[in-house]
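So the structure is just underneath, and the comments pick up after that.
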């Protein structure tokens with residue numbers, strides 16, 4: 001891999017690098033957005049905004065529950081776009097024993113948990129599970 005040659009950067013590239021340099025790590029609080037009123041433990045949320053791009057990271061531990069509502073995390077620092085490809089999310093660790101991913105809800109500050117085949121997870125299916133997650137999305 002070649003190192004970054006600062007002499008070859010155009011004006012837009014310099015503007016982007018300056019924008020990143022002005023960004024700082026902020027905090028947010030992940031909350032239950034399923035409507036069940038669950039209280040997560042082990043909660044942590046951080047984000048960086050670079051123009052319209054949000055890099056949000058978090059951790060939650062689901063409580064014991066038999067609630068059948070679709071599992072959702074809310075409280076993201078900004079509402080996401082309604083463009084499907086701009087609402088990506090990722091679970092970097094989940095101890096629920098199933099393939100799982102996170103997708104930002106359109107025009108919302110929440111995200112839902114899905115199976116690898118696109119089915120929604122319920123709160124009951126995630127009871128007691130710990131998740132470390134990231135979401136990279138556009139506002």
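Bear in mind that the values in this text are calculations on the coordinates, not laboratory data. What you are looking at is a predicted structure, and each value in this text was computed from that prediction instead of being measured. Reconstructed Cβ throughout: ideal geometry from the backbone, glycine too, with neighbour counts over all protein chains shown.
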Taking the Cβ of each residue in 87, 49 as the centre, tally the other Cβ atoms inside 10 Å and list the residues starting with the fewest.
49, 87
Need one word for region 48-138: rounded, prolate or oblate. Basis is the Cα gyration tensor (sqrt eigenvalues a ≥ b ≥ c); a/c below 1.5 gives rounded, then a/b vs b/c decides.
prolate
For region 79-130, averaging the sequence separation of alpha carbon pairs under 8 Å that lie six or more residues apart and dividing by its residue count, the contact order in percent is 34
Which whole-number percent is the relative contact order of region 52-139 (Cα, under 8 Å, 6+ apart)?
47
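Based on other C-beta atoms within 10 Å, arrange 26, 59 from fewest to most.
26, 59
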Order of 100, 73 from fewest to most other C-beta atoms within 10 Å?
100, 73
Go ahead and collect, in residue order, the members of region 31-71 whose backbone nitrogen is under 14 Å from a label point 7 Å along the Cα-Cβ direction of residue 92.
44-48, 55-60
